[in-house]
Amino acid sequence: MTLHFQSRFSLKALNTLGFDAVAERFVRVRSIDELLELRDEVKRSSSPLLILGGGSNLVLADAVPGIVAQLAIEGRAFEALDAESVRVTVGGGENWHELVRSSLGQGLYGLENLALIPGSVGAAPVQNIGAYGVEVKDLIEAVEVYDWAEDRVYWLDNRSCDFAYRDSRFKRESGRYLITRVRFLLSRQPHTVTSYAPLREVLSPQQREQPEAVFDAVCRIRSEKLPDPRELGNAGSFFKNPVVSAEDHRRLKSAYPSLVSFPEGEGRFKLAAGWLIDQLGWKGRRMQNVGVHAKQALVLVNYGGGDRGQLEKLANAIQRDVLDAYGVELEPEPRFYP
Ligand code: FAD
Ligand code: NAP
């Protein structure tokens with residue numbers, strides 16, 4: 001047995017909300033062999049299991065029962081497919097932003113809009129991370145998983161991952177798959193995406209063609225607007241942007257002409273959840289030790305000493321207000337565990 005289990009392990013530094021959660025048992029998994037050892041131990045002890053990456057999309061309770069296993073499989077492999085495309089296979093335990101930064105440094109393009117998203121490579125496909133008009137599914141060729149149902153390791157191609165907006169088969173069938181490696185198709189040719197106004201506005205026409213300039217701009221905008229979890233605990237956007245019917249969209253637009261919304265296909269519309277919350281005066285408000293970030297109403301923060309109970313109270317109050325005012329239900333984006 002090479003796995004090293006630690007009892008009553010503090011997860012405070014391992015979740016970006018900075019909640020003082022304590023795992024009954026904690027372990028780091030660095031290889032497929034260790035993963036198979038973990039499987040045996042989970043079966044032997046009949047323990048619940050949480051797979052942890054960077055803890056940036058999780059709302060943890062004070063006590064986390066069973067085993068928390070942080071996936072720490074590392075490594076990168078490159079394979080040129082032709083003059084333009086390069087296949088990059090990356091261990092699930094690698095840091096996401098570091099992959100984006102170093103790919104760019106090697107002249108491999110495609111990931112630049114996804115800069116500064118916290119967390120691990122292995123978690124990126126779980127909610128199909130996205131920002132500024134790019135989703136990670138656009139760059140993924142395949143995902144290697146350990147499947148608890150079939151008790152084997154194999155590759156799922158992009159289609160089989162059932163990616164959708166901030167969603168995937170891994171999120172829908174939570175607990176079934178452990179992502180060990182992700183295979184990306186990156187390009188030596190720049191194909192930048194600068195359709196989002198806040199990004200477009202800060203780039204000259206020439207810069208809009210340059211992935212390095214896009215990367216720098218994304219990093220700058222995000223650093224100005226989003227709280228750094230090392231300074232102020234948060235889990236990024238706390239609610240998903242709701243998608244409504246054309247009829248509901250018409251009703252809301254006539255009542256609130258400045259409503260921020262975007263066509264989402266099949267006649268439906270995505271509403272900016274941050275705008276809905278902001279209009280109701282929540283920005284910058286504090287309840288006990290948690291609150292709504294002063295620069296972005298979609299981000300709930302922990303000022304220190306906050307916990308899941310406090311955050312749930314705040315989130316419930318916001319959800320009630322939004323439902324009363326607009327008739328729209330907000331759904332949290334991070335996973336609550338347990
Ligand atoms: P964790 O929080 O550790 O885990 C999240 C979920 O994935 C859990 O259910 C966990 O069990 C599961 N999981 C983790 N690793 C694996 C694995 N290897 N195999 C199977 N399941 C696994 N998200 C966006 O989409 N776009 C953004 O722009 C964005 N910006 C953010 C900004 C900030 C400041 C913060 C704090 C968060 C932001 N997020 C964003 C959310 C978050 O960073 C992403 O969802 C990220 O992919 C989570 O990675 P993680 O390693 O921290 O996952
Ligand atoms: P923003 O630029 O102020 O935009 C507000 C909302 O409008 C976003 O949620 C975005 O939807 C939507 N939007 C803006 N321009 C759009 C366009 N041209 N087409 C379609 N939708 C458009 O948002 P922000 O809060 O500063 O975040 C910037 C980007 O980073 C967004 O893509 C956001 O999703 C991402 N982000 C995500 C998290 C997270 O935890 N999930 C945290 C921080 C930032 P989308 O969200 O669908 O892009």
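Of note:
- Spin-label zone in region 98-124 - amide nitrogen under 17 Å from a point set 7 Å from the Cα of residue 191 along the C-beta vector: 104, 107-114
- Pairs exceeding 25 Å between alpha-carbon atoms, taken from 137/295; 12/313; 12/137; 240/283: 137/295; 12/137.
- Length available on full extension from residue 31 to residue 256: 0.36 nm per residue minus the Cα-Cα distance, which gives 75.7 nm.
- Rounded, prolate or oblate (a/c below 1.5 giving rounded, otherwise prolate when a/b exceeds b/c) for the chain by Cα gyration tensor: oblate
- Centroid-to-centroid separation of region 315-329 and region 33-59 [C-alpha atoms, Å]: 35
- Cα-Cα separations in region 76-224 greater than 21 Å, expressed as whole percent: 43
- Modelled spin-label separation between residue 325 and residue 153, with each label point placed 7 Å from Cα along the Cα-to-Cβ direction: 5.0 nm.
- Top of 54, 107, 281 by mean-square fluctuation, Gaussian network on the chain, Cα under 10 Å: 281
- The trypsin sites (Lys or Arg not before Pro) of region 227-270 meeting both criteria, a DSSP state outside H, G, I, E and B (loop) and at most 15 other C-beta atoms within 10 angstrom of the site's C-beta, are 230, 268.
- Over region 45-156, volume per residue of the alpha carbon convex hull, in Å³: 123
- From helices alone, the chain scores -7500 deg cm²/dmol at 222 nm; the rule is -39500 (n - 2.57) for each run of n ≥ 4 DSSP H residues, then divide by the residue total.
The numbers here are math on the coordinates, done by the rules we state, and not lab data. Just so you know, these numbers come straight off a predicted model, no measurement behind them. Don't worry about glycine lacking a Cβ; one is built from the backbone with ideal geometry, like all the others, and counts go over all protein chains shown.
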